[in-house]
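The values are calculated or read from the model by the stated rules, or taken from the named source; none is laboratory data. Everything numeric here is computed off the predicted structure, so don't read it as measured data. Here the Cβ is made from the backbone with ideal geometry for all residues, glycine too, and neighbour counts use every protein chain on show.
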Number of protein chains: 2
Amino acid sequence: MEKVNLAEKFSLFSDYWRPKIVGDLNDSYVKLAKLKGEFVWHQHEEEDELFLVVKGRLLIKLQDRDIWLEEGELVIIPRKIEHLPVAEEEAHVLLLEPKSTVNTGNVRNERTILDAEKI
Amino acid sequence: MEKVNLAEKFSLFSDYWRPKIVGDLNDSYVKLAKLKGEFVWHQHEEEDELFLVVKGRLLIKLQDRDIWLEEGELVIIPRKIEHLPVAEEEAHVLLLEPKSTVNTGNVRNERTILDAEKI
């Protein structure tokens, strides 16, 4: 049981769209990710997913509207809702999601990560 | 599905040790609490609990050691681990815990809240 300093953990990696596990509670992981550019449209069949912006800003596109998240803002994307994260500039994001969650949800492509790294 | 601005939500209340629900995902709640002073020793039988300090600093006393959390630091207290949160000055904290979690865990006293308010 060690505390996690978010800034320190973010300093340990520089790759985009590859969430790292920094905590484990109940059936979920806390992950940190650096995002830049556009991800892929996807949804999670069974998992609600929390995005908290720690640094920068993040656009989450939904089918019917856009949600802009600034530092200190979070949103919970419910299961089965298609979404597309977009970061015009580098953004640092904390994710909370069930351990079963795959980053690309219902999509499998070169950006899919099936075994996130723990840092 | 509305975004949550943490600072704005914290501005909506001023009472200490009374966590407010600001989000709901999977089987858990995201709660915000203002803490000042000493809470009560307790543990949660079945629930792991995440504390993220958004403002100020928080001491979490364990039976065998102390964990000091500064802004931007989090810790996960596993189930069955006795802990005592202490805030020398006002601290703003984000909590993540299963919906079944009672703030005072295995203890019932005047600080116990069985129905947290949603804000």
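Suppose the filter is crowded, with 16+ Cβ neighbours inside 10 Å and more than 11 Å from the chain's Cα centre (by Cα); does B:S11 pass it?
So B:S11 fails the test.
Among the residues of region B:21-37, is any more than 13 Å from the chain's Cα centre (by Cα) and more than 8 Å from every other protein chain (Cβ to nearest Cβ)? Looking for residues that are more than 13 Å from the chain's Cα centre (by Cα) and more than 8 Å from every other protein chain (Cβ to nearest Cβ), one finds at least one in region B:21-37, hence yes. Of everything in region B:70-119, what is without any contact (Cβ under 8 Å) to a residue 40 or more places away in the chain, more than 20 Å from B:F13 (Cβ to Cβ) and of a type in the set (A, V, I, L, M, F, W, C)? Give them in sequence order. Those that are without any contact (Cβ under 8 Å) to a residue 40 or more places away in the chain, more than 20 Å from B:F13 (Cβ to Cβ) and of a type in the set (A, V, I, L, M, F, W, C): B:L74, B:V75, B:I76, B:I77, B:I81. Among the residues of region A:55-69, not a single one is touching a Ser or Thr at 6+ places or on another chain (Cβ under 8 Å) and in contact (Cβ under 8 Å) with a residue 40 or more places away in the chain. Sub-8 Å Cβ pairs linking a first residue in region A:24-39 that is closer than 14 Å to A:K118 by Cα to a second residue that is at pLDDT below 95 and assigned to a strand (DSSP E or B), at least 6 apart or interchain, are A:S28/A:E97; A:S28/A:P98; A:Y29/A:E97; A:Y29/A:P98; A:K31/A:E97, ordered by first then second residue.
Results for (1) in contact with a strand residue (DSSP E or B) (Cβ under 9 Å, 6 or more places away or on another chain); (2) of a type in the set (V, I, T); (3) within 14 Å of chain A (Cβ to nearest Cβ), shown as yes or no for each residue.
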| residue | (1), (2), (3) |
| --- | --- |
| B:E46 | yes, no, yes |
| B:K61 | yes, no, yes |
| B:V75 | yes, yes, yes |
| B:V107 | yes, yes, no |
| B:R111 | no, no, no |
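Exactly one residue out of B:V86, B:V102 is under 29 Å from A:E47 (Cβ atoms), within 14 Å of the chain's Cα centre (by Cα) and surrounded by fewer than 20 Cβ atoms within 10 Å (Cβ to Cβ): that is B:V102. When the criteria are applied in full, B:R57 fails the requirement of being surrounded by fewer than 20 Cβ atoms within 10 Å (Cβ to Cβ) and modelled with pLDDT under 95.
Do you know which of the residues in region A:9-23 that are touching a residue at least 60 places away in the same chain (Cβ under 8 Å) and either assigned to a strand (DSSP E or B) or of a type in the set (D, E) (or both) is farthest from B:G72 (Cα to Cα)? Filtering region A:9-23 for residues that are touching a residue at least 60 places away in the same chain (Cβ under 8 Å) and either assigned to a strand (DSSP E or B) or of a type in the set (D, E) (or both), the one farthest from B:G72 (Cα to Cα) comes out as A:Y16.
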